[in-house]
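Taking it in order: structure first as structure tokens, then the write-up.
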């Protein structure tokens, strides 16, 4: 289990007088199924269908033409547990489309939520859905988390007049951290000391693909990554040939603990620690929990950023 380092699920909304249109009376306090959309039949190419669905999945739910009942368990007539189920589908779908398209889709998603909240302040749409979106896209334990996709969402929160200024500042900090080492950019370089006491840099490690792990020898999930890598012959072959190199970096302060357990790491890995504590302290990387895993190419360009290991291993083999 990855340990929490921070959380930002709290939201406070400040709605100015006279904003939005005149409130409509909601329908009777009954629930409805989540209003699904259907992909137009003329869109037949699988990738285009996924992109269309990602862009329009919430259209009927956020339609301002009619307000449905809302309470502590329901938003616009739909039970929160059913909304969460849809969010799981949505977040998984976003993983299957190009990252640039996904960011645009998420940005539009936030705009729909804000428009609905302005139209119907009593709906509680924005605070509820901000919490759910944050849980799925940014919670360190979420299997569909993605800082890349969460970035446009949290950036919009940091700039929204509907959000209390104190919370806007917190969201701006999260947006700044999510912007670090985005997919497609060159990963920040840093200095580390390896098990032989040699001072090295990340960018000096040469390989076609590099698996960068920020971990801890006492972390259960970190040990599971070791076991997984060691248990896949194809990955072991890639490591043995030098095509793939694994760099595991300890970023905490108990160096004696790391040294006492350094021998437990696979001998073919490059293991080291941050001697100056700048990786976390200077926010070179947004490490909110360990393990935090990145996949880099030969130029140290980020291919995958702090995503679940089940997504990283197939990417290595492709």
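Quick notes on this structure:
- The listed residue being at pLDDT 95 or above and in contact with a strand residue (DSSP E or B) (Cβ under 9 Å, 6 or more places away or on another chain), out of 235, 296: 296
- A single member of 184, 240, 197 is loosely packed, with under 13 Cβ neighbours inside 10 Å and in a helix (DSSP H, G or I), and it is 240.
- Residue within the range 43-55 that is modelled with pLDDT of 95 or more, part of a loop (DSSP other than H, G, I, E, B), in contact with a helix residue (DSSP H, G or I) (Cβ under 8 Å, 6 or more places away or on another chain) and more than 18 Å from residue 128 (Cβ to Cβ) present: yes
- Any hit, the range 248-257, residues being surrounded by fewer than 16 Cβ atoms within 10 Å (Cβ to Cβ), free of Cβ contacts under 8 Å to residues at least 24 places away in the same chain, touching a strand residue (DSSP E or B) at 6+ places or on another chain (Cβ under 7 Å) and assigned by TED's automatic domain parsing to the domain that holds residue 309: yes
- Candidates 108, 85 - the one that is in a helix (DSSP H, G or I), at pLDDT 95 or above and closer than 26 Å to residue 303 by Cβ: 108
- Single condition residue 245 does not satisfy, out of (1) touching a residue at least 60 places away in the same chain (Cβ under 8 Å); (2) assigned to a strand (DSSP E or B): (1)
- For the range 71-80, taking the residues that are crowded, with 20+ Cβ neighbours inside 10 Å and in a loop (DSSP other than H, G, I, E, B), the one that is farthest from the chain's Cα centre (by Cα) is identified as 77.
The values are calculated or read from the model by the stated rules, or taken from the named source; none is laboratory data. If you're wondering where the values come from, they're calculated on a predicted model, not measured in any experiment. In this analysis, Cβ positions are derived from the backbone assuming ideal geometry, glycine residues included, and neighbour counts consider all displayed protein chains.
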